[in-house]
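Below is one structure, written out as structure tokens; comments come after it.
Derivation of every value follows stated rules applied to the coordinates shown; laboratory data play no part. If you're wondering where the values come from, they're calculated on a predicted model, not measured in any experiment. Positions of Cβ are generated from backbone atoms using ideal geometry, with glycine treated the same way; all protein chains shown enter the neighbour counts.
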There are 2 protein chains.
Amino acid sequence: MPTAVPDRLLLGSGPSPVPARVLEALSQPTIGHLDPAFGALMDETADLLRRTFGTGNRATLPISGTGSAGMDAMVANFVRPEDRVVVGVNGLFGERLADALGRAGAAVRRVEAEWGRAIDTDALLDAAEDGLDAMCVVHGETSTGVCQPLDGLGDACRKRDALLLVDCVTSLAGQRLLLDEAGVDAAFSGSQKCLNCPPGLAPFTAGERAIERIGGSRSWYFDLSLVLGYWDGDGGRAYHHTAPINMVYALREALLLVHEEGLDARWERHGRAHAALRAALSELGIERIAPDGEELHPLLAVRVPAGVDEAAVRRGLLDRHGIEISGGLGPLAGTAWRIGVMGSGAEHGPQERLVEALCAELGRDPAGPLSALEEGWG
Amino acid sequence: MPTAVPDRLLLGSGPSPVPARVLEALSQPTIGHLDPAFGALMDETADLLRRTFGTGNRATLPISGTGSAGMDAMVANFVRPEDRVVVGVNGLFGERLADALGRAGAAVRRVEAEWGRAIDTDALLDAAEDGLDAMCVVHGETSTGVCQPLDGLGDACRKRDALLLVDCVTSLAGQRLLLDEAGVDAAFSGSQKCLNCPPGLAPFTAGERAIERIGGSRSWYFDLSLVLGYWDGDGGRAYHHTAPINMVYALREALLLVHEEGLDARWERHGRAHAALRAALSELGIERIAPDGEELHPLLAVRVPAGVDEAAVRRGLLDRHGIEISGGLGPLAGTAWRIGVMGSGAEHGPQERLVEALCAELGRDPAGPLSALEEGWG
């Protein structure tokens, strides 16, 4: 029987809505991973990724796994046992980084903030004072909808010959970030957030200061010294593992869509979409968790009003309206909704459907929220 | 511009030809990784994988990466530092296993055979005599076209409380293998060989004796104690990483095709296709590397006749006929062709196209080879 999937509007924490053009690219006939025609697509994909990351790093490629595979690859290649690593923890994905660093045998120093707040930059800089080999931060904390400022971190790391390593899974192409400008040495993302590609690839980049550390990877699959022999076309393509061919087609198409719009316009649209949806929800007494200035545009995390059954509303949205939003995680479980504002989901139309459906589930009049939404979109 | 890929007949070492039904499944709309509708597809996929592996193992799932990710997952979860591990090495993929085991800190004992030959079972059993924690073998050695017999290995491992860990990337669904019957404790495969799915997933299974060893994974991404919390539906699905949704659609469809044919019929067809193509090539003086009884049906590795430019013919097949075959690796580089006999590539039609094209490139009369092929297909 053919694969039957229900009609869904994906406005959760990801995956995000995948445009028809990307699905069409995904289903083009598979060709070989050493076919010169595939090599040309790889080169284009890497170039598009460089533009998206805002980097000139030669070592830029999609890791063959989902976003967290990018994290594992980053830690496996750039963090050595006993390395002193400062890690910012203010949500699930900071915790995950700390976990991965611990598994790698690093001496981990956590700098924390409560879930829903950015980490104080001075606290990160203070922690670096004693010397460090790397600092890891999550630019877009998907569990709380908080964007972590990177100002000053790159300089501080460079001064101490340390690496600045960044998780930009949810922020890439959805909120202003130019890695070279920010002094980031390596970063990973996911295909299924603001890039609107299906999950399965982790966009990844590393600069020369990071590449110099390569050598002791415990992982064969993520060993960049081997992976780059395949992705770095100038010296020929040495077989490492079989690339996920069709997923690369899809990522390339998704990146073409990003750059047809333009990064600046795309960042601006995500900011506007975030503000418009926030205003609409505010009419319902549903308020954002992150304070002004700390918000992550692609992910609007809000507090569920008292007396509302979080899971029941979310299930109602899915079952009766075909709309997916996400619940809270960790300390926010049961008290938060996380709403994706990602790529083609960051448009007036999908947001209107969500506001109408949410009002129906809450038994509220949609007029006020809808007009606030429209006003937000101008 | 839309993704333009050339028309290719994939008769190399993989990826193999992907049927239209699988590409269509691949491009169904993406839904959420925690959507109950996706959970149902996951359960079906896991059940189909169990039937394909010939196992009742509850821990059966596709690892979110290509075949080698399955290897990394196997080693990360079941091999501990200082473990005594016997590994069979008679080709590139045995070497790769030995490499991964070394990275994990295991005390590796290599049992070798020359490239192109199976490893002597007695040599493997002898190596186990001193005691061991695990034995790793490659069932289908893709670099040489050799199938490794597993007879006696499972019992020997059980007797010593050791695990039998198997790479069946190229053999799964293409050559007889029933893991429970063979006493295999854990195994991994790839989606892009005899399953005819695009690359991007590593079918994986582990029995209770292996699962008991879980606990010290250096990798966060491949940590089965976390991955199983998501794939094991009975206790609810705990979010670990975002599954590659569309690739799971495709794998499920590919597995449905396998079981519409039936495993026995599929194994038999691969044997027939291998023999028919071998007979046709033999007419051209192109002989198989593996001796009788050691051949891997899904991968026919042959010696390039003296005086023939291996790479030029291979490039001619690709450029003038749109047919991909693979060259030799390691000690066989420049002197071997590796021809895939995998799934929908293991049919009379595609093989006829290959034989005709090869004769054209070699300047030989195709009549004899084509009639040998036809005879082989009966």
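Legend: mean number of C-beta atoms from other chains within 10 angstrom of residue C-beta atoms, peptide B:16-24, equals 3.
Sort the following peptides by mean Cβ neighbour count (other Cβ atoms within 10 Å, averaged over residues), highest first: A:121-129, B:272-280.
B:272-280, A:121-129
In nanometers and ordered shortest first, the copy-to-copy spacing of the A:Glu374 label point, defined 7 Å from Cα toward Cβ, is 7.3. Counting only DSSP beta bridges whose two residues both lie in region B:20-260, roughly 35 percent are antiparallel.
Could you work out how much longer the chain between A:Asp43 and A:Glu24 gets when fully extended? Use 0.36 nm per residue separation minus the Cα distance between them, nm to one decimal. The partial results should precede the final answer.
Working: separation 19, 0.36 × 19 = 6.84 nm, distance 2.02 nm.
In short, 4.8 nm is gained.
Working note: Cα atoms of region B:263-377, range along each principal axis, descending, whole Å: 39, 32, 23. According to the square roots a ≥ b ≥ c of the eigenvalues of the Cα gyration tensor, what is the shape class of region A:182-311, taking rounded for a/c under 1.5, prolate for a/b larger than b/c otherwise, and oblate for the remainder? Taking the square roots of the gyration eigenvalues as a ≥ b ≥ c, region A:182-311 is prolate.
Note on B:Asp264 and B:His348: with the Förster distance fixed at 25 Å, the Cβ-Cβ geometry gives a FRET efficiency of about 0.80. Between identical copies, the spacing of A:Ala275 label points, each set 7 Å from Cα toward the C-beta atom, reads 7.4 nm from nearest to farthest. Here chain B has an Rg and Dmax of 20.6, 63 Å, counting Cα atoms alone. Only DSSP H runs of four or more residues enter the estimate; each adds -39500 (n - 2.57), and after division by the residues of chain A the mean residue ellipticity at 222 nm equals -12500 deg cm²/dmol. Here's how it looks for B:Ile323: its modeled amide H is under 5 Å from those of B:Leu9, B:Leu318, which are all 5 or more places away or on a different chain.
List residues of region B:136-170, by number, whose backbone nitrogen lies under 11 Å from a label position 7 Å along Cα→C-beta of B:Glu212. Residues B:161-163 fall inside that zone. Over all orientations, region A:42-94 has a Cα convex hull whose mean projected area works out to 5.0 square nanometres. Helix A:367-377 and the longest principal axis of the Cα set of chain A meet at an angle near 40°.
Distance between the C-alpha centres of region B:196-235 and region B:298-376: 37 Å, rounded to the whole angstrom.
Relative to 2.2 N^0.38 Å, what does the C-alpha radius of gyration of region A:132-251 come to as a ratio? Two decimals please. It would help to have the intermediate numbers written out before the result.
Details: Rg = 15.4 Å, N = 120, 2.2 N^0.38 = 13.6 Å.
Here the Cα radius of gyration is 1.13 times the empirical estimate.
The Cα trace of the protein assembly as shown gives Rg and Dmax of 26.2, 82 Å, the first to one decimal, the second as a whole number. Label points for B:Gly363 are taken 7 Å from Cα along Cα→Cβ. From this copy to the others they lie 8.8 nm apart, shortest first.
The three principal axes of the C-alpha atoms in region B:317-378 carry coordinate ranges of 36, 29, 20 Å, sorted with the longest axis first.
Near B:Ala336, the amide H atoms lying under 5 Å from its own belong to B:Val304, B:Gly328; only residues 5 or more places off or on other chains count, and H is placed 1.01 Å from N. For a label point 7 Å from the Cα of A:Asp161 along Cα→C-beta, name the residues of region A:211-230 whose backbone N is under 13 Å from it. Backbone N within reach: A:213.
Cα centroid separation, region A:133-191 to region A:1-70: 22 Å.
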